Amino acid sequence: MTFAIALVIILVVLGLPFALHYMRHQELTDAVRQTLPHKTFVKLSDGITHCEWLGPEDGPKVVLIHGFSSPIFIWDHNAPALAEAGFRVLRYDLYGRGYSDRPRTRYTADLFVRQLVELLDAFDVHEPVDLVGLSMGGAISVHVADRYPERVRKLVLLAPVGFNPPPAGRLVIMPLLGDWLMTALGEWIIYKSFPRLLGDDENTLSAFREEYARQFRFRGCPRAFLSTMRHGPMHDLGDVYNRLARQQRSGLLLWGTKDNVLPYPLHEPVLKAVPWLQFEKIEGAGHCLNYQNPEEINKALLWFLDTSDQTGSADVFTI
């Protein structure tokens, strides 16, 4: 009897986080989307993607790809500036983030590449576009340029992942244990990491958290984050960067000197792998450099992308 009671207690403890997650969060359905701030929702092969276009319809097209977990609000200080400068800007939520679907699948590089290519196809965008990717979004940009070089004109990478070592411990990615930890403690762990991302300014942290937390109203974020950690484009991407280096195109690498997530010295293996990347350090910036230092980042983007330098072709060849 004692063993049976102990077993029941263990099962309750193990199952409680999943039950609470289900009760506290709602499903992201079409009916729910009708109540959200008006943006655009596109049905793709793996699910619905939330996106937004800004800027003149005939402007040069720029795609902004966010990082591991922060959805499209991370570009709030950049997308309008690009649009005002004459660019046609597309920003979107990766699967499992923001208001996009949380498909029950492996969150691999293939999934994220397919999402972007299908999204561009859905809007009949077949000419080369400029890609601007932050952190994991940088890795996605590299994968897209590697697989579809003809669809990419210029490439901007902001502190991209790829040469960073896996996190110490790795408990969270272990089968079963990782699922329990992410469901029970995932939100708390992520919120505790914000000072590493943004510093300790309370106003910045409060505004960031308010926007970030909106996606957690809906079921599936912890599962998607965990699958991305296990299967996504996060580490050991040297081969992809090396293939990219055999292309010849215009590229820009930006990195904050106070990055506590992907430390500043990690820019060196990226530049070594892809020597044609131009490099600019952002003094004093952390990992969310575009959000924290928008004036410097916008200035760099506008200089590099330059609307007067639009050839209409990818201008890429492989050596």
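The values are calculated or read from the model by the stated rules, or taken from the named source; none is laboratory data. The structure displayed is predicted, hence computed values, not measured ones. A quick note on method: Cβ atoms are made from the backbone with ideal geometry, for glycine too, and the neighbour counts reach across all protein chains shown.
Quick notes on this one:
- Exactly one residue out of A224, A273 is within 22 Å of R151 (Cα to Cα) and either surrounded by fewer than 18 Cβ atoms within 10 Å (Cβ to Cβ) or not aromatic (F, W, Y) (or both), and it is A273.
- When L176, L171, L226 are screened for being farther than 29 Å from L302 by Cβ, in contact with an Asp or Glu (Cβ under 9 Å, 6 or more places away or on another chain) and modelled with pLDDT under 95, only L226 passes.
- Residue match in the range 245-267 (condition: in a loop (DSSP other than H, G, I, E, B) and touching a Phe, Trp or Tyr at 6+ places or on another chain (Cβ under 6 Å)): yes
- Where a residue in the range 256-285 is without any contact (Cβ under 8 Å) to a residue 24 or more places away in the chain and its partner, wherever it lies, is in a loop (DSSP other than H, G, I, E, B), with Cβ under 6 Å and at least six apart: Y264/T257
- Verdict on S100 being of a type in the set (S, T, Y), part of a helix (DSSP H, G or I) and under 14 Å from the mean Cα position of the chain (by Cα): no
- Residues (buried (at least 16 other Cβ atoms within 10 Å of the Cβ), charged (D, E, K, R) and at pLDDT 90 or above) located in the range 34-53: D46, E52
- All positions within the range 277-303 that are at pLDDT 95 or above, of a type in the set (S, T, N, Q) and out of contact with any strand residue (DSSP E or B) (no Cβ under 7 Å at 6 or more places or on another chain): N298
- Criterion: under 27 Å from V152 (Cα atoms) and acidic (D, E) - qualifying residue of E202, E210, E268, E283: E268
- Boolean, M234 is modelled with pLDDT under 80 and surrounded by 19 or more Cβ atoms within 10 Å (Cβ to Cβ): no
- Hits in the range 259-268 - residues which are touching a Gly at 6+ places or on another chain (Cβ under 8 Å) and either surrounded by fewer than 21 Cβ atoms within 10 Å (Cβ to Cβ) or basic (K, R) (or both): N260, V261, Y264
- Residues in the range 128-141 that are closer than 15 Å to H267 by Cα and either surrounded by fewer than 24 Cβ atoms within 10 Å (Cβ to Cβ) or not polar (S, T, N, Q) (or both): 5 in all.
- Of all residue pairs spaced 6 or more apart or on separate chains, those with beta-carbon atoms under 8 Å, a first member in the range 144-166 that is within 11 Å of H267 (Cβ to Cβ) and a second member that is assigned to a helix (DSSP H, G or I) and of a type in the set (F, W, Y) are F163/Y241.
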